[in-house]
Amino acid sequence: MAPKRPAKVKRDGPLNPARITDAALKYIDAHGLEALSTRKLGATLGVEGMALYTHFPSKDALRDSGAEKLALELDAPLAGKGGWQDRSRQIARAYRALARRHPKAYLLFAMRRFATPGALEFLDRIFAMLLEGGMSPRKAVELYRSVLH
């Protein structure tokens, strides 16, 4: 008996990186990071898995895009009132809330190196907030690594 193929999914429109990233995060939240494959993700989008490589050069690039989307989803005050201690606590709470909203996809955020422009901008804002508060660059990195990553 031949293996059962998943039912064809009707496409909801053209593919683009944002749509693929959203679908990947939804898939990871439902099935776990280790279950993600371009074949399975393509099936959920109604395309062959290879079609995803038109928008992402590799599976790692897709994962980086997911990590970036999660970083941009963080609701953390990186500027404004309060010292770096208050804002650091708020950022830590935002990380925790993100982990609760995306318990399976959060691993992607926590394990990927920030390599995309949006994710790097997020890091720049965190370090700027710490440095503006009078923290040395070395202490800022130590705090980030111990509390936030």
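So the check is Cβ under 7 Å with 6+ separation or different chains; which pairs have a first residue in the range 99-114 that's in contact (Cβ under 8 Å) with a residue 12 or more places away in the chain and a second one that's open to solvent by less than 90 Å² (accessible area, probe 1.4 Å) and outside any helix (DSSP H, G or I)?
Lys104/Gly32
Within the range 121-138, which residues are modelled with pLDDT of 90 or more and either of a type in the set (D, E, K, R) or part of a helix (DSSP H, G or I) (or both)?
Pro137, Arg138
Does Ala110 fit the bill of being open to solvent by 30 Å² or more (accessible area, probe 1.4 Å), among the small types (Gly, Ala, Ser) and not in a helix (DSSP H, G or I)?
For Ala110, the condition - open to solvent by 30 Å² or more (accessible area, probe 1.4 Å), among the small types (Gly, Ala, Ser) and not in a helix (DSSP H, G or I) - is not met.
Among (1) assigned to a loop (DSSP other than H, G, I, E, B); (2) modelled with pLDDT under 90; (3) buried (at least 16 other Cβ atoms within 10 Å of the Cβ); (4) among the β-branched types (Val, Ile, Thr), which single condition is Val9 missing?
For Val9, the failing item is (3).
Which of the residues belonging to the range 51-70 are of a type in the set (A, V, I, L, M, F, W, C) and either open to solvent by 20 Å² or more (accessible area, probe 1.4 Å) or under 21 Å from Gly13 (Cβ atoms) (or both)?
Listed by number, the residues that qualify are Ala51, Leu52, Phe56, Ala61, Leu62.
Can you tell which of Gly80, Gly118 is of a type outside the set (A, V, I, L, M, F, W, C), more than 12 Å from the chain's Cα centre (by Cα) and modelled with pLDDT under 90?
Exactly one residue qualifies, and that residue is Gly80.
When both residues are 6+ apart or on different chains and their Cβ atoms are under 7 Å apart, which pairs have a first residue that lies in the range 34-58 and is within 12 Å of Ala24 (Cα to Cα) and touching a residue at least 12 places away in the same chain (Cβ under 8 Å), and a second that is surrounded by 15 or more Cβ atoms within 10 Å (Cβ to Cβ) and charged (D, E, K, R)?
Close Cβ pairs satisfying both conditions: Thr38/Lys59.
Considering the range 20-50 alone, what residues qualify as being hydroxyl-bearing (Ser, Thr, Tyr), surrounded by fewer than 18 Cβ atoms within 10 Å (Cβ to Cβ) and assigned to a helix (DSSP H, G or I)?
Thr44
The values are calculated or read from the model by the stated rules, or taken from the named source; none is laboratory data. Remember, it's a predicted structure, so these values are computed and weren't measured experimentally. For neighbour counting, all protein chains shown are included, and Cβ atoms are generated from backbone atoms with ideal geometry for every residue, glycine included. In case anyone asks, the SASA skips ligands and DNA or RNA and just uses the protein heavy atoms, side chains included. Shrake-Rupley method; radii C 1.70, N 1.55, O 1.52, S 1.80 Å.
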